[in-house]
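Enquirer: Here's a structure for you.
The values are calculated or read from the model by the stated rules, or taken from the named source; none is laboratory data. Predicted model only: the values in this text are computed from it and were never measured. Cβ coordinates were reconstructed from backbone atoms using ideal geometry, including for glycine residues, and neighbour counts include every protein chain displayed.
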Amino acid sequence: MKITVFSDYICPFCYIGIETLRQVQAAVPPFTLEWKGFQIHPEYPAAGVPIERRTAQYGQERYAAVWRNILSLAEGIGLEMRPPAVLTNSLPALEATEYARDQGKEKAFSTAVYQAYFQRGQNIGDIDVILSLTEQTGLNPAEVQDHLKAGTYAARIQASHEEARACGVSGVPTFIVGPAQIIGAQSPEVFVSMLKRVAERGLAQ
């Protein structure tokens, strides 16, 4: 069974959803997870938008309520998270993930990016941060830097966007398995129930 997930690193629900899916892997039919980068805020600068600007937009109470929900979901699966210090441009991280995929280290690098952003408060729009994470996960930072400068993987990210639109995906995370879509950071029980149902009906690839 193949599960395709459209995801962005600055989305906390993506981090929670992917980790939840990995945690229930032993309880559902065998599957492979295919990650697709889907940038939700290309307008954000690499330097990041200070979180204070976002709280001013939404209101302190509303923003705090959103993060109480996020942290509750994360705690439910034993995942450590913190609100990021900045809202940043995720494109370098998404493109670097394509390089990591080619090197067979996509999962390790992806996990490192999420941890850097949502646990340590690092700005993953900063190329130096990305290069440090590639080195930590056994990748070649010099090669990654060359690929980012050349835009080697930009076409793949654009293709992922086009594929998402063709599938009717408008937000992240969206998990696609056969004809079914699982949208958002669902509970472990929902993932298990839906994946078993798809497999039992023979709808999965």
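Enquirer: Every residue in the stretch 94-125 that is surrounded by 18 or more Cβ atoms within 10 Å (Cβ to Cβ), outside any helix (DSSP H, G or I) and touching a residue at least 24 places away in the same chain (Cβ under 8 Å), please.
Expert: Asn123, Ile124, Gly125
Enquirer: Here's another thing I want to ask about it. Of all residues being without any contact (Cβ under 8 Å) to a residue 40 or more places away in the chain and aliphatic (A, V, I, L, M) in the stretch 158-181, which is nearest to Leu73 (Cα to Cα)? Just the residue, please.
Expert: Ala180
Enquirer: Sticking with this one: Give the residue, chosen from Glu34, Glu52, Glu19, Glu61, that is in contact (Cβ under 8 Å) with a residue 12 or more places away in the chain, acidic (Asp, Glu) and surrounded by fewer than 16 Cβ atoms within 10 Å (Cβ to Cβ).
Expert: Glu34
Enquirer: Just to be sure before I move on: is Leu91 among the aliphatic types (A, V, I, L, M), touching a residue at least 24 places away in the same chain (Cβ under 8 Å) and in contact with a Lys or Arg (Cβ under 8 Å, 6 or more places away or on another chain) in the structure I sent? Step through it out loud before you land on a result.
Expert: Values: among the aliphatic types (A, V, I, L, M): yes; touching a residue at least 24 places away in the same chain (Cβ under 8 Å): yes; in contact with a Lys or Arg (Cβ under 8 Å, 6 or more places away or on another chain): no.
Criteria not met by Leu91.
Enquirer: If I go through the stretch 168-180 residue by residue, how many of them are farther than 16 Å from Cys11 by Cβ and modelled with pLDDT of 90 or more?
Expert: Going through the stretch 168-180 one residue at a time, the tally reaches 3.
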